[in-house]
Amino acid sequence: MSIEIDGVNKRFGDFVALENVNVSLPTGQLTALLGPSGGGKSTLLRIIAGLERADTGTVSIEGVDATRMSPRKRNVGFVFQHYAVFKHMTVAKNVAFGLEIRTHGGLRPPWTSRRLRDRERMQARVDELLKLVHLSQFADRLPSQLSGGQRQRMALARALAVQPKVLLLDEPFGALDAKVRKELREWLRRLHDEVPVTTVFVTHDQEEAMEVADEIVVINEGRIEQVGTPDSLYDEPANEFVMGFLGEVTRLGELRLRPHDIEVGLGPDLAGSTPVDVLRVTRVGFEVRLVAGTEEGQEVSVVTTRAHARALDLEEGRRVWLTPSNGTATVPAMKSLRVG
Amino acid sequence: MRLLALAYVFFLVGWPVITLVQRTFADGWSSFGQAFSDPDVTHALLVTVEISLWAVAINTVFGVGLALLLVRYEFPGKRLLSAFIDLPMSMSPVVIGLALMLVYSGRYGWFGPPLEAHGLVVIFNSPGMIMATCFVALPLVVREVVPVLEEIGDDQEQAARSLGANAVQVLRRITLPAIKWAVVYGVVLSLARSLGEFGALKIVSGNLTGQTQTAPLVVEQKYNNFAQGEAYAVSFVLVLISVLCILVVSLLRPKESRS
């Protein structure tokens, strides 16, 4: 395990940001810290980076206790939501920053062969990184001349330059518009496959987490709700909060389940089916959303395909029978402690 | 409204300054000749420049340091410190001079006698004059730098630290370049303020002709001794320096907004 977090607590005044957090993040994987805003996920990331200090508990990175280590000694790369570019430096200089800091020329004058070699090596590494993030042609520009997505890629290259053991990204695409966000998301996934450094990123967007991450840690109100692969979280949510946060949820009788996991039939053929009246029908692209009312007055949302809806001739006022599909993720209502 | 504002500035600032320049050159360059052949005048100008440069240098270092302290750190008494920094703005320089006398005077000050016992004469000497000038110009650098530091935030500094930079490297490579223009602006303003300081220096320097007398003090003395031509000539030099300072600042301003 690459990052071990053990019994971490953090308060800001009266506000409890993290409460007894224990989690291990695997080496070489892309992990998402997912949760609503203010849930403590950014605080956890900043504690891993050393930008914030835990009140109690320990953090170890690659087997080294880093709890009291300063951020500059942890060898982690950090990418900020608002890029934190060095405005007065060119793109190449930004990327080279960490390398220049680490290269000790000592008292040797800049024309000695050792210094020249250092500079060549740095130059080569910067070129390589700029190529990796597709910014080679922008090397001599200032960050103010780049778009948001380009700035964030530059920030990523800058963090990768020092070959960190861990790469931490704090809502990396949060400040970008939807289209660029989607592009960068795919690009980050490909980048991680090329450069498999242990990566942890914070997001409040469940779609982003499911699409990019190998593993998701769901954090809410300073506590970890569940840890698992995107599939296992989606299919076997530990509680109502996780289920609700990862996708749409509706109630059918005493069950909570996803609207597309409900089968619609024209008669009570299946065991356990519930008779309902269709109240509203909305077509959204290829899918059809129904709102149906049970005899007890409960409203159930159902998502089905367009073809299926046409075959059943679904329209408002029609009586249908609903059954949970086989093997669907369900959580008995009222069982969980907290409601999302 | 625009006319009113223009008229106000003209009658308050423009006309008096123009008249001063006219008077200076009323007899051509002769009053200049007179003034600058007087060793006391040239010495006073040198003293002014020397004291101002020292004061500006000290204020720049402490001004940037104080600004960083005020913006980047939380500590008890922070608001009190901030209020103290603004104090020189609202205090009469004469009062500042008297206050310094009370503490550092060799005869009756609290600190003066022990310092003089170690050979450091503060009052009626350069250290006291530099202190007085620092005091009056203290807020200028701080108040220029603080808003810029607040605006840039500490993201860049955190990023630099996470990339392995230590405190000195963060300051030198990230913070200082980011606040560069604010510092320059503050330096120019404090230079202008320091060169023209009169009240505090009059008390603290003792106004010893040829020794601790500064240019503004010479102006007053010459004027009182009916050597008005020379007073105008020295005044003109002081005005010229102020105008140059304003020019430098206005040349720097657009750069600041572009970056």
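The values are calculated or read from the model by the stated rules, or taken from the named source; none is laboratory data. Given the structure is predicted, the values throughout are model-derived calculations rather than measurements. Glycine also receives a Cβ, built like all others from the backbone with ideal geometry; neighbour counts cover every protein chain displayed. When the accessible area is computed, the model is the full protein with side chains, heavy atoms only, and any ligands, DNA or RNA have been set aside. Shrake-Rupley method; radii C 1.70, N 1.55, O 1.52, S 1.80 Å.
The residues of region B:168-179 that are closer than 20 Å to B:T60 by Cβ and either without any contact (Cβ under 8 Å) to a residue 24 or more places away in the chain or more than 7 Å from every other protein chain (Cβ to nearest Cβ) (or both), listed by number, are B:V168, B:V170, B:L171, B:R172, B:R173, B:I174, B:T175, B:L176, B:P177, B:I179.
Could you please find all residues in region A:28-51 being open to solvent by 40 Å² or more (accessible area, probe 1.4 Å) and at pLDDT below 90? Residues satisfying the conditions are A:S37, A:G38. For region B:214-232, name all the residues that are under 22 Å from B:R193 (Cβ atoms) and among the acidic types (D, E). Listed by number, the list holds a single entry, B:E220. Of all residues in region A:16-27, exactly one satisfies the criterion of being open to solvent by 50 Å² or more (accessible area, probe 1.4 Å) and under 25 Å from A:A159 (Cα atoms), namely A:T27.
Conditions (1) within 14 Å of chain A (Cβ to nearest Cβ); (2) of a type in the set (A, V, I, L, M), marked per residue:
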residue	(1), (2)
B:A159	yes, yes
B:L163	yes, yes
B:N166	yes, no
B:L191	no, yes
B:G196	no, no
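One residue alone among B:L149, B:L163 is open to solvent by less than 10 Å² (accessible area, probe 1.4 Å), under 30 Å from A:S70 (Cβ atoms) and in contact (Cβ under 8 Å) with a residue 24 or more places away in the chain, and that residue is B:L149. With respect to (1) of a type outside the set (K, R); (2) within 24 Å of A:Y234 (Cβ to Cβ); (3) at pLDDT 85 or above, the lone exception for A:V276 is condition (2). Scanning region A:217-236 for residues that are assigned to a loop (DSSP other than H, G, I, E, B) and either in contact (Cβ under 8 Å) with a residue 40 or more places away in the chain or open to solvent by less than 20 Å² (accessible area, probe 1.4 Å) (or both) gives A:E221, A:G222, A:E236. Checking the stated criteria, B:G196 turns out not to satisfy the condition of being at negative phi and open to solvent by less than 30 Å² (accessible area, probe 1.4 Å). The one condition from (1) within 21 Å of A:G247 (Cβ to Cβ); (2) in contact with a Gly (Cβ under 6 Å, 6 or more places away or on another chain) that A:V300 does not meet is (2). Here region A:172-216 is the region considered, the condition is being surrounded by 22 or more Cβ atoms within 10 Å (Cβ to Cβ) and assigned to a loop (DSSP other than H, G, I, E, B), and the residue that is modelled with the highest pLDDT is A:A213. Only one entry of A:K87, A:K93 meets the criterion of being within 8 Å of chain B (Cβ to nearest Cβ) and open to solvent by 40 Å² or more (accessible area, probe 1.4 Å), and that entry is A:K87.
Among the candidates B:T133, B:T60, the residue that is hydroxyl-bearing (S, T, Y), under 15 Å from the mean Cα position of the chain (by Cα) and under 30 Å from A:R72 (Cβ atoms) is uniquely B:T60. Considering A:R121, A:R125, which residue is within 14 Å of chain B (Cβ to nearest Cβ), over 22 Å from the mean Cα position of the chain (by Cα) and not in a strand (DSSP E or B)? Matching residue, one of A:R121, A:R125: A:R125. Any residue in region A:63-71 that is surrounded by fewer than 16 Cβ atoms within 10 Å (Cβ to Cβ) and facing chain B (nearest Cβ under 9 Å)? Yes, the conditions are met somewhere in region A:63-71. Take A:S136 and decide whether it is over 20 Å from the mean Cα position of the chain (by Cα), of a type in the set (S, T, Y), away from every other protein chain (no Cβ under 13 Å) and more than 18 Å from A:T203 (Cβ to Cβ). Here the answer is yes, as A:S136 does meet what is asked.
Residues considered: A:G50, A:G77, A:G38, A:G98. Of these, the only one that is more than 14 Å from every other protein chain (Cβ to nearest Cβ) and not hydroxyl-bearing (S, T, Y) is A:G38.
Checked against (1) within 14 Å of chain A (Cβ to nearest Cβ); (2) of a type in the set (V, I, T); (3) within 25 Å of B:V94 (Cα to Cα), B:I130 meets all criteria but (1). Taking region A:130-171 as the range and being open to solvent by 20 Å² or more (accessible area, probe 1.4 Å), touching a residue at least 40 places away in the same chain (Cβ under 8 Å) and assigned to a helix (DSSP H, G or I) as the test, the residues that pass are A:L132, A:F138, A:S144, A:G148, A:R151.
Cβ separations smaller than 8 Å between residues 6+ apart or across chains give the following pairs from region A:276-287 residues that are exposed (fewer than 13 other Cβ atoms within 10 Å of the Cβ) to residues that are outside any strand (DSSP E or B) and acidic (D, E): A:R280/A:E316. Restricting the search to strands (runs of 3 or more DSSP E) fully inside region A:15-89 and requiring at least 3 residues that are farther than 15 Å from A:I219 by Cβ gives A:56-61, A:76-79.
Kindly evaluate B:E144 against the criterion of being modelled with pLDDT of 90 or more and within 14 Å of chain A (Cβ to nearest Cβ). No: the conditions fail for B:E144.
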